[in-house]
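The structure appears right after this line, and notes come after that.
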């Protein structure tokens, strides 16, 4: 199934939290400000409904996204008030992929964990927690995996200021 077929099916089954989709498009020649959009097509999902949405994607026989390949985040700009949570799903049996994006406010960067739906997402969520400051409510093991426990801040946020020293060790 192609992206449009997947999106139409998600709408037909009323997948929880589905907000819309975005597909690549050429720039509007009549508008000099419009640069178009490159990249992959994606669906946008309410972050509070992400686990329910993933459950539909996994259990619906026409979709059958049995593999959660990646969950990460991006910080579009230091002055932006939101983080993007990006999820990539793969259906080996149906031979299709789906990219999901959720907008999460930096001031309250939390969403429910998806571990009950895809157990392997534990590591992805833990990395997003420490690198971007996201909180995955209900996560079974929220310990750091990359940074020391006493590290201050979230290094992949655009507004992060790197320390010059950590416990007497130069960081520059």
The residue from 125, 110 that alone is within 17 Å of the chain's Cα centre (by Cα), modelled with pLDDT of 95 or more and buried (at least 16 other Cβ atoms within 10 Å of the Cβ) is 125
What's the number of the only condition in (1) closer than 19 Å to residue 135 by Cα; (2) touching a residue at least 60 places away in the same chain (Cβ under 8 Å); (3) surrounded by 15 or more Cβ atoms within 10 Å (Cβ to Cβ) that residue 98 fails to meet?
(1)
Flagged pairs (Cβ under 9 angstrom, 6 or more apart or on separate chains; first in the stretch 43-56, within 12 Å of residue 84 (Cα to Cα); second part of a helix (DSSP H, G or I)) are 45/53; 45/54; 46/53
Scan of the stretch 131-154 for residues that are closer than 19 Å to residue 75 by Cα, within 17 Å of the chain's Cα centre (by Cα) and assigned to a loop (DSSP other than H, G, I, E, B), ordered by number
133, 134, 154
Which one of the conditions (1) farther than 28 Å from residue 158 by Cβ; (2) touching a residue at least 24 places away in the same chain (Cβ under 8 Å); (3) exposed (fewer than 13 other Cβ atoms within 10 Å of the Cβ) does residue 15 fail to meet, given that it meets all the rest?
(3)
All but one of (1) part of a loop (DSSP other than H, G, I, E, B); (2) under 17 Å from the mean Cα position of the chain (by Cα) hold for residue 27; which doesn't?
(2)
Select from the stretch 5-22 the residues that are over 13 Å from residue 56 (Cα atoms) and in contact with a strand residue (DSSP E or B) (Cβ under 8 Å, 6 or more places away or on another chain) and list them in ascending order.
19, 20, 21, 22
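The values are calculated or read from the model by the stated rules, or taken from the named source; none is laboratory data. The shown structure was predicted, so the numbers you read here are calculated from the model rather than taken from an experiment. Neighbour counts are summed over all protein chains in view; Cβ atoms, including those assigned to glycine, are modelled from backbone coordinates with ideal geometry.
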